[in-house]
Each structure stands twice: as structure tokens, then as C-alpha cells.
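Each remark here refers to the structure printed beneath this line.
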Amino acid sequence: MIWNDTMECMPRKEMRKLQSIRLKNVVEHVYHNTPFYRKKMQESGITPDDIQSIDDIVKLPFTVKQDLRDNYPFGLLAVPMSEIVRLHASSGTTGKPIVVGYTRKDLSVWNEAVARCLIAYGVTKNDIVQVSYGYGLFTGGLGAHGGVETIGGTVIPMSSGNTQKQIQLMHDFGANGLACTPSYALFLAEAIHESDIPIEEFKLKVGAFGAEPWTDNMRKELEEKLRIKAYDIYGLTEICGPGVGGECEYQDGTHLWEDHFFPEIVDPETLEPVAPGQFGELVFTTLTKSGMPMIRYRTRDLTCLNYEKCRCGRTAVRMNRILGRSDDMLIIRGVNVFPSQVESVILELEEFEPHYMIIVDRVNNTDTFQVQVELRPEYYSDEMTRMIAIKKKVTARLQSVIGIQPDVKIVEPRSIERSQGKAKHVIDNRKLI
């Protein structure tokens, strides 16, 4: 099913024309209404007259997360505060939060974007969706909530936490859909299987999971444990929250709604555009946002784009799975390591639960690299030879994928802390020295 056939299936030539018109409009808007952008453009020798088509976007300066912190709380707004109807903020643990303001029009665009995702997953007005993303300043809860209401579905606004109540109401209310982080979905799956309610009695069929990177192996784990089809929903606070893009029924990349959010891929070092199909850093320009537009915002997410028409009929560009974040990448003994690489290995081995922790430190000027992995109960044993064999197996596989050998520590079942929001997988003690 397709929510907005005109925009989601628009021929690429027509889409470029639309993007050109919208880019010119948003550049005019921020130049005259946001002193920050006017100053940046003047410093680059750029005026709105220099932007005549979407191809001219490369002339514009980049925006980074620090710019939002430096202009905290409302320095990047492009409309009077009287037009801002909602504020959201990031869940950052250090420094000032990222604050984003929305006009009524912005919320309408956001709801439309999430609606496109939900319809692509097969959710309809006849479905009941349990939203277990956090509500409040975090964009996940209200973002998913608005999309479900837009398509006419029924929302169970659970927010995160209170897992036993989550399970009870999911069962009693007959929820067909679940929206939350993939790590919390795994936590819920474990809790369901440990509860007194058989999984057969649940009516779940679809999961909309996002807010953190996850792998295809984790998808398989979720689909098997919850008996659902698990879909990726992509977004970020600075752009609009969940709904910037979502998968279709073929799960062959995440469609980005490029009539609203124009994507680029640049080399994270040189900031030059990469060749089509090449991996690099994802950059977004909001084409229709009025409250707080973003011009060439560096997401730090590493991925690539596919512009071929999808089997579902959509022409909207598809984003590959996020490899990791350029600012989350660990450099260990000169080797680039992404947590997603570790996760992919753990999830492909049947002996392990999908829970892990990476601990990096520095001893005698040398990096140490430990990976803690949790065995499934049926594989945990007091037999030393059996444990050694399993440890050798996962160590060899990790070394072949990552390029360096980690110190693997096998831990008891359920000993790694579960997450009810975004999962924390890395402790880098080198940063504390």
C-alpha cells in the first residue's frame, strides 16, 4: 500500500524540479529570518540568488550539532515564537540538549511522513499500534503517535518502561503493531516468553523499530521471537524525529521522503560528494520545514543511497542500513571498529543472546579491546572445554570481520543490562584519561 502515490512514486526528473523550487524557497526563508544562516552564507559569499536548482546545494555551508548547541535554545528558529506550537529536545547526556521548534505546518508534514512509513509496513486504520517509544521531549513517542492517528489507526500511548504493564495491555487490547527501539523490543520479547501469557495469544504482526542502529540479524531475531514483520523507521531530532524514512514490504532499503528531506552522501573527511552508490556520511536539508529548517545538516550516519526504482513502485530514494556513525566509530590500535560489526557477528551465532558490551581501555600505551557476550541458557555449561571452544569460535569470527582480535569474555545468561530505550553497547575508558 502507498499513502501518497504522487510524491512517493514521482518520476525522478519531476522530483528534481520540485526539490529545486523548495530549496530556493527554504534558502530565502532562512537567509531573511535566521541570523545564523545569513551570517554563514555571507561568510561563504553566497546569497539566495546563487541557488537556482537543487544542484546548487553544494554551494551552501554545512550545519553541525554544535551549531544547535551554540544557538541554544531558540537561536535557529526562523519564525516568531508565537508560531511555534511544540518543542522537542534530544536526549543527549552531555552538554546542552538539541532543541527543535515546530510550527503547525511542520507537525502536519511530520505526521504525513510517519503515515507513509506505517502504510508501507501494512498498517491500516483498522490496526491498533502500541507506541513504546519515550514520550515527552524525545521525538519518538509523539512522532509515531501522530502518524498512527493520521492514518486513522488506534494508538496505545504506552511510552517506555513498566514492562509488565506493556505486555498485559498489548495482549488485552489486541495490539497489531509495536513501535519502539529494537533493543527494547528484544527486552519485551524476552519478558513475554517469561510471562504466563503464551506468545500465540498476542495479535502482533508489525514492528516499527528505530532510534538506534540495528542489523538484519537482529531483525531475524525480533521476527522469530515476536512473530512479526520487523521494519526500520529512520529519523533524527534535528530533522523531524521518526518518519524521515521507512522500509517497504520488500525490506530492500529505507525509502527517504526526499520531497521533504533532501539527502546527500559526502566523504566525512573531505566533505565532498561521493560517487553514486558509495558509502559516506548522510547529510539532510529540510525542504519544507518552516519553524527551524536545517541546511545541509551532517547526521554523522554512515550509509549509501540507491536511486533505482523499487519493486514496490516507489521511486523515493532508498538508504542502505546505517553502518554506524562517524562519531561512534572506535579506532582501536589503528583499526576502525563499529559496534554494528560486533553485533552482526554475535547475532549470526546461535549460541549467543543479542546482548553485548564493548569495553575499550588503554594499558601501558596500548589499546585493550574486550567484547562481553552473553550465552543462551541452553549453551551455558560448567564444562571448561566446551566454553573454550565457543570462545575460540566467536573470537575467530570477530577477528575475521573486524580485523583485530578482541578479548572475548563469555558471561552468564541475563547478566548484561537490558535497555528500555536506546541501548548502550560501548564503554570507552580511554576518554576518561
Apply 1/(1 + (r/R0)^6) to the Cβ-Cβ distance of R414 and E269, taking R0 = 45 Å, and write down the FRET efficiency to the nearest 0.05.
0.60
Share of the chain's accessible area from carbon and sulfur, percent, 1.4 Å?
50 percent
Taking a 22 Å limit on the Cα-Cα distance, which of the listed pairs K17/K59; K65/K96; K225/K309 fall beyond it?
K225/K309
Pairs from K393/K422; K105/K229; K392/K422; K39/K289; K165/K203 whose Cα-Cα separation, in the structure shown, is over 24 Å
K393/K422; K105/K229; K392/K422
Projected area of the chain, taken from the Cα convex hull and averaged over every viewing direction, in nm²?
22.0 nm²
Surface per residue (accessible, 1.4 Å probe) for segment 281-403, Å²
41 Å²
Tell me the mean residue ellipticity at 222 nm calculated for the chain from its helices only (DSSP H runs of n ≥ 4, each -39500 (n - 2.57), averaged over every residue, nearest 500).
-9500 deg cm²/dmol
Label-point separation in nm, E308 to N429, each point 7 Å along Cα→Cβ:
4.8 nm
With a probe of 1.4 Å, find how much accessible area segment 153-272 has per residue, and write the answer as a whole number in Å².
35 Å²
For segment 287-433, calculate the relative contact order in percent as a whole number, restricting contacts to Cα pairs under 8 Å that are 6 or more residues apart.
20 percent
Enter the Cα centre distance for the pair segment 357-433 and segment 173-200, rounded to the nearest angstrom.
26 Å
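Taking 30 Å as R0, compute the FRET efficiency from the Cβ-Cβ separation of E378 and E201 and round it to 0.05.
0.75
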Take every Cα pair under 8 Å in segment 70-187 that's 6+ residues apart, average their separations, divide by the length, and report that relative contact order as a whole percent.
24 percent
How much accessible surface does M7 have with a 1.4 Å probe, in Å² rounded to 10?
40 Å²
Zero-based 5 Å bins, Cα pair distances in segment 251-388, whole percents:
2, 8, 13, 15, 14, 13, 12, 9, 7, 4, 2, 1, 0
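The values are calculated or read from the model by the stated rules, or taken from the named source; none is laboratory data. Note that this is a predicted model, so its numbers are computed, not measured. Backbone-built Cβ (ideal geometry, glycine too); neighbour counts: all protein chains shown. For the accessible areas, the whole protein counts, side chains as well, though only heavy atoms, and no ligand, DNA or RNA atoms are used. Shrake-Rupley method; radii C 1.70, N 1.55, O 1.52, S 1.80 Å.
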